[in-house]
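The block underneath contains the structure these notes are about, expressed in structure tokens.
The values are calculated or read from the model by the stated rules, or taken from the named source; none is laboratory data. Given the structure is predicted, the values throughout are model-derived calculations rather than measurements. All Cβ positions, glycine included, derive from the backbone under ideal geometry; neighbour counts span all protein chains shown. Surface areas here come from the heavy atoms of the whole protein model, side chains and all, with no ligands, DNA or RNA. Shrake-Rupley method; radii C 1.70, N 1.55, O 1.52, S 1.80 Å.
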Amino acid sequence: MQIGITVLSVQDLNFWSNGIRQNAVFLAMLLQALPCVSKVYMIETGLREVPLGQDMYAQLGLGYASAEELSDEIDVAIELVGVLPTQWKRRMR
């Protein structure tokens, strides 16, 4: 199973400066430890051009991409930080 968790990157934001972002990472790490989970992705719902998370998530073994890039990759999406487009959620059902 492949799981995606939404994150919201904004310009000039420290990766660990917000508790909800820390919770998203800790949840992702927990899910990675489950034997039924093959990959966990962080789904960017904010400024995709902000390179804030890509390298940091990669160091933790997490994927990082937009919802559109992951629509055919993930089996479960968890909306934690940021909102996924309604049309995308309808397609995922």
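At-a-glance table
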{"quantity": "Spin-label pair W16/T86, simplified geometry with 7 Å Cα→Cβ offset, distance in nm", "calculated": "4.0"}
{"quantity": "Accessible heavy-atom area order of T6, T45, T86, highest first, probe of 1.4 Å", "calculated": "T86, T45, T6"}
{"quantity": "Estimated [θ] at 222 nm from DSSP helical runs (n ≥ 4, -39500 (n - 2.57)) normalised by residues in the chain, nearest 500", "calculated": "-9000 deg cm²/dmol"}
{"quantity": "Probe 1.4 Å, protein heavy atoms only - accessible area per residue of the chain in square angstrom", "calculated": "58"}
{"quantity": "Cα→Cβ-extended label distance, 7 Å offset, between D55 and L30, nm", "calculated": "2.9"}
{"quantity": "Exposed-site-free run, longest, the chain (rule: GluC sites (Glu not before Pro); DSSP loop; at most 14 other C-beta within 10 Å)", "calculated": "1-48"}
